Amino acid sequence: MTVPPQSAPRDEEPRPPEGRWRMLRRRFLTALVIVLLIGVPAGYLVISAEQSRDSGRDKERESSSDGLRDSWPSQMKRRIFEVPIPTGAVDVAYYETSNWKSSRLYVQFTTTGGRLDEFLQTIGSSRSDLRDGEVGISDRDAAIAGWDFVDGHDWTSTYVERPDPRPDQDITIDLTDPAAPRVYVVSTTAP
């Protein structure tokens, strides 16, 4: 086995000692690189973890609430459960339950007579489908949402059945004041 020829060592001149300002500049650049390579990603992780924790707290607060929340459900929930709350609706409240068998969105709102017709049409129903004098929401669902469908009101209801995986809806409407009907919806979907 032969060894390739090697060059003879060169006589290197010793480097002059490093100046103070050059040494400080080098140390500063080294510290800056360390901060950029370690500090920035670490800071990002801390911020991301805090945002994730806040999001989890919001979801926990929402899921642990008992009964209706006086606010509009998110657009995503309205889309998933196919509950198109009419523009200009007032006294909107909702509550969501979820388990391994089904998820339910309970929604109530007050609207106008014309917007009620739009709502019914959007969900695939109409006033002709309404069953006068009936409450279509079960006692169990009414108890969960805290609704009390007492006598002396002009109740009417309908049921909208859709093929899976789309949600089915039990809808009860209080037409005691035809100019301001109160709508109660239980939208149920199976995961």
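Could you tell me which residue of segment 165-184 is farthest from VAL150 (Cα to Cα), considering only residues that are free of Cβ contacts under 8 Å to residues at least 40 places away in the same chain and within 21 Å of the chain's Cα centre (by Cα)?
Step one: list which residues in segment 165-184 are free of Cβ contacts under 8 Å to residues at least 40 places away in the same chain, which gives 165, 168, 170, 172, 174-177.
Within this subset, residues satisfying the condition of being within 21 Å of the chain's Cα centre (by Cα) are 165, 168.
Details: PRO165: 33, ASP168: 24 Å.
Per the criteria, the residue is PRO165.
Quick test for you: out of SER187, SER157, SER126, pick the one residue that is among the hydroxyl-bearing types (Ser, Thr, Tyr), within 30 Å of the chain's Cα centre (by Cα) and modelled with pLDDT under 90. I'd like the intermediate steps shown before the answer.
Values: SER187 fails: modelled with pLDDT under 90; SER157 fails: modelled with pLDDT under 90.
Result: SER126 is the single residue among SER187, SER157, SER126 that is among the hydroxyl-bearing types (Ser, Thr, Tyr), within 30 Å of the chain's Cα centre (by Cα) and modelled with pLDDT under 90.
Per-residue answers, yes or no, for (1) in a helix (DSSP H, G or I); (2) at pLDDT 85 or above; (3) among the small types (Gly, Ala, Ser):
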position: GLU12; (1), (2), (3): no, no, no
position: ARG15; (1), (2), (3): no, no, no
position: ALA31; (1), (2), (3): yes, yes, yes
position: VAL35; (1), (2), (3): yes, no, no
position: ARG57; (1), (2), (3): yes, no, no
position: TRP72; (1), (2), (3): no, yes, no
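LEU105 versus (1) part of a strand (DSSP E or B); (2) without any contact (Cβ under 8 Å) to a residue 12 or more places away in the chain; (3) not charged (D, E, K, R): which is the lone unmet condition?
Result: LEU105 fails condition (2) only.
With the structure loaded, tell me whether GLY19 is at pLDDT below 85, under 30 Å from VAL160 (Cβ atoms), open to solvent by less than 100 Å² (accessible area, probe 1.4 Å) and not polar (S, T, N, Q) or whether it fails that test. Reasoning before the result, please.
On the way: at pLDDT below 85: yes; under 30 Å from VAL160 (Cβ atoms): no; open to solvent by less than 100 Å² (accessible area, probe 1.4 Å): yes; not polar (S, T, N, Q): yes.
No, not satisfied.
Somewhere in segment 115-129, is a residue touching a strand residue (DSSP E or B) at 6+ places or on another chain (Cβ under 9 Å), acidic (Asp, Glu) and farther than 19 Å from LYS77 by Cα?
Within segment 115-129 (the criterion being touching a strand residue (DSSP E or B) at 6+ places or on another chain (Cβ under 9 Å), acidic (Asp, Glu) and farther than 19 Å from LYS77 by Cα), the answer is yes, since at least one residue qualifies.
Select from segment 161-181 the residues that are of a type in the set (A, V, I, L, M, F, W, C) and open to solvent by less than 10 Å² (accessible area, probe 1.4 Å) and list them in ascending order. Talk me through it step by step, then tell me what you get.
Our first condition is that a residue be of a type in the set (A, V, I, L, M, F, W, C); within segment 161-181, this holds for 171, 173, 175, 179-180.
If the condition is that a residue be of a type in the set (A, V, I, L, M, F, W, C) and open to solvent by less than 10 Å² (accessible area, probe 1.4 Å), then ILE171, ILE173 are the ones that fit.
Can you name every residue in segment 89-102 that is assigned to a strand (DSSP E or B) and hydrophobic (A, V, I, L, M, F, W, C)? Working first, answer last.
From segment 89-102, those assigned to a strand (DSSP E or B) are 90-98; that's our starting set.
Matches in segment 89-102: VAL90, VAL92, ALA93.
What's the total number of residues in segment 37-55 that are under 30 Å from PRO73 (Cα atoms), at pLDDT 80 or above and either polar (S, T, N, Q) or open to solvent by less than 80 Å² (accessible area, probe 1.4 Å) (or both)?
4
Here's a check for you: in segment 121-137, which residue that is in contact (Cβ under 8 Å) with a residue 40 or more places away in the chain and either assigned to a helix (DSSP H, G or I) or within 13 Å of VAL183 (Cα to Cα) (or both) is most open to solvent (accessible area, probe 1.4 Å)?
Going through segment 121-137, the residues in contact (Cβ under 8 Å) with a residue 40 or more places away in the chain turn out to be 123, 125, 130, 137.
With either assigned to a helix (DSSP H, G or I) or within 13 Å of VAL183 (Cα to Cα) (or both) added as a condition, the list becomes 123, 130, 137.
Values: ILE123: 9, LEU130: 25, ILE137: 8 Å².
Across segment 121-137, the extreme among qualifying residues is LEU130.
The values are calculated or read from the model by the stated rules, or taken from the named source; none is laboratory data. None of these values were measured; they are calculated from a predicted model. With ideal geometry, Cβ positions are generated from the backbone for all residues, glycine too; neighbour counts draw on all protein chains shown. Side chains included, ligands, DNA and RNA excluded: accessible areas come from the protein's heavy atoms. Shrake-Rupley method; radii C 1.70, N 1.55, O 1.52, S 1.80 Å.
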